[in-house]
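Here is the structure we will look at, set down as structure tokens.
The values are calculated or read from the model by the stated rules, or taken from the named source; none is laboratory data. This structure is a prediction, so every number in the text was calculated from the model and none was measured. Here the Cβ is made from the backbone with ideal geometry for all residues, glycine too, and neighbour counts use every protein chain on show. Only protein heavy atoms, including side chains, enter the accessible area calculation; ligands, DNA and RNA are left aside. Shrake-Rupley method; radii C 1.70, N 1.55, O 1.52, S 1.80 Å.
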Amino acid sequence: MSTPPAASRRTLGTHVGLLLVTIAALSACFSEAKPKALDPVRSPTTSSTPGCPASGVAITPAPVDAAMGLRAMRIDLLNCGTAPYTLQGYPAVRVLDADRRPLDVTVLDGTAKISRIERFDGPPKRVTAAPGGHLAAVVVWRNSVTDVEVSAATGRYLEIAPADGRPAQTVTPEGGIDLGTTGRLAVSAWTTPPTG
């Protein structure tokens, strides 16, 4: 049996190398992401806000964290204006359905009324975001069915104003707001985002 010429051996080696690189690339594409643990203070996945509303602030939601029927979602307020932006109090929140109509939901001030969220629980304090700076709050609710006579409610959007009387923005939480039959959610006061 004769030995293949050197050129044929090089060509065969090139094809084998390309095949191995292709297999590795396909394996990376189809690898499964690890599930995320409950962490209600994760930052929003949006790294930049396109444009800036006339109010000078942009509100974005973080992913909804869920465990044992408890839902928690951080909301981020970016001061995209040119002057400092000061708040003291709670966001003004309304739950909207798929047609953007308000649902009959009670919004409570303070997360402890549903579940204590460490680093976000406490009375309102005066906080200021410099231009380019951020403030944060948390929205919490439970997906519980407490009354079989009542239809479970699911909101599609959240309408959020930094405070009563200020312009609101509508955000779309991933998975919606699945309130079950509880008919309520709670918000924390605005605070400076936790570090670490």
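Brief remarks follow.
- Test: residue in region 62-79 that is out of contact with any strand residue (DSSP E or B) (no Cβ under 6 Å at 6 or more places or on another chain), closer than 19 Å to ALA186 by Cβ, open to solvent by 30 Å² or more (accessible area, probe 1.4 Å) and in a strand (DSSP E or B): yes
- Condition met for ASP99 (without any contact (Cβ under 8 Å) to a residue 24 or more places away in the chain, part of a loop (DSSP other than H, G, I, E, B) and more than 20 Å from ASP76 (Cβ to Cβ)): yes
- Picking from residues in region 137-183 that are surrounded by fewer than 16 Cβ atoms within 10 Å (Cβ to Cβ) and acidic (Asp, Glu), the one that is nearest to TYR85 (Cα to Cα) is ASP164.
- Test: residue in region 115-129 that is open to solvent by less than 70 Å² (accessible area, probe 1.4 Å), modelled with pLDDT under 95 and in a strand (DSSP E or B): no
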